[in-house]
Amino acid sequence: MPNKPEPPLAPLLRKMEYWNTFSQADREALLALPHSLKTIEAGGMIVRDGEKATHSCLLRSGYVYRQKIVADGARQIVALQMSGDMVDLQNSLLGVADHSVQALTRAEVAYIPREAVQEIALKRPAIGMAMWYDTLVDGSIFREWIANVGRRDSRTRLAHLLCEFALRLEAAGLGRHNAWELPMTQEQLADATGLTPVHVNRTLKALEKDGLIARSKRSVTVENWKALAKAGDFNSSYLHMPEGTLSLVQ
């Protein structure tokens with residue numbers, strides 16, 4: 001018999017169980033949340049800055065990024081999100097979106113009404129605690145990104161971003177920390193690190209020349225993890241990943 005397809009909100013359950021232990025009733029309640037599914041093509045908007053928040057969005061597959069646009073039209077990418085992430089869980093409480101979320105690749109999303117998120121968090125404390133933890137980890141990652149853009153040089157910024165992406169990818173079960181597809185263009189990498197695309201290109205070539213990484217189109221192989229982590233001033237503690245989620249021992 002063919003395998004039974006997993007419930008649409010299964011990625012959310014897996015992610016929330018990173019942070020807390022659920023009863024069977026908790027699991028069933030989370031999977032039964034009302035939702036609507038939608039496929040967003042690369043470049044499509046999922047959340048727009050300034051819009052009234054009516055839903056929180058689960059990313060079921062693909063990659064998206066959070067961004068802020070400043071007065072002169074320049075973009076700053078402030079976070080990357082991957083399958084299983086609630087890309088705007090804060091919208092379950094905040095009334096208006098304070099940043100935009102855009103699809104980096106083709107993405108499948110589940111929109112969950114904010115009232116349903118609030119209700120399950122209040123009625124089921126284990127789920128509410130997991131959601132709280134998830135938003136706190138988001139805040140921790142934001143703080144690291146601020147330090148990365150504000151105080152590290154170009155080589156360190158890019159090496160740090162590559163290390164973070166690699167470990168989060170492996171923790172989410174989407175790949176291995178030492179070999180993966182980077183879904184970002186050099187322009188997008190520039191907007192995430194506060195550099196120019198030309199500077200990003202030069203820096204990636206330097207990391208490759210020094211034997212830290214190897215590239216083929218968008219495929220990245222980490223040739224020397226310890227050296228890449230050192231170059232990126234990278235310590236994974238800010239990701240707060242549960243023990244046992246990574247094969248890599250730092």
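Details
- Pairing each residue of the range 123-141 that is farther than 19 Å from residue 57 by Cβ with any residue that is acidic (Asp, Glu) and open to solvent by 10 Å² or more (accessible area, probe 1.4 Å), provided the two are 6+ apart or on different chains, yields C-beta distances under 8 Å for 124/26; 126/26.
- Considering residues of the range 94-112 that are more than 23 Å from residue 69 (Cα to Cα) and touching a helix residue (DSSP H, G or I) at 6+ places or on another chain (Cβ under 9 Å) only, the residue surrounded by the fewest Cβ atoms within 10 Å (Cβ to Cβ): 110
- Evaluation of residue 33 against the conditions (1) surrounded by 18 or more Cβ atoms within 10 Å (Cβ to Cβ); (2) in a loop (DSSP other than H, G, I, E, B); (3) modelled with pLDDT under 95 shows that the sole unmet condition is (3).
- All positions within the range 61-75 that are surrounded by 16 or more Cβ atoms within 10 Å (Cβ to Cβ) and either outside any strand (DSSP E or B) or not hydrophobic (A, V, I, L, M, F, W, C) (or both): 62, 63, 65, 66, 67, 75
- Considering only residues in the range 46-60 that are open to solvent by 50 Å² or more (accessible area, probe 1.4 Å) and in a strand (DSSP E or B), the one that is nearest to residue 183 (Cα to Cα) turns out to be 55.
- Filtered residue count, the range 76-89, keeping only those that are under 20 Å from residue 192 (Cβ atoms) and in a helix (DSSP H, G or I): 0
- Residue within the range 117-124 that is acidic (Asp, Glu), at pLDDT below 95 and farther than 15 Å from residue 192 by Cα present: no
The values are calculated or read from the model by the stated rules, or taken from the named source; none is laboratory data. If you're wondering where the values come from, they're calculated on a predicted model, not measured in any experiment. Cβ atoms come from the backbone with ideal geometry, glycine included; neighbour counts cover every protein chain shown. Quick note on the areas: whole protein, heavy atoms, side chains included, nothing else; ligands and nucleic acids left out. Shrake-Rupley method; radii C 1.70, N 1.55, O 1.52, S 1.80 Å.
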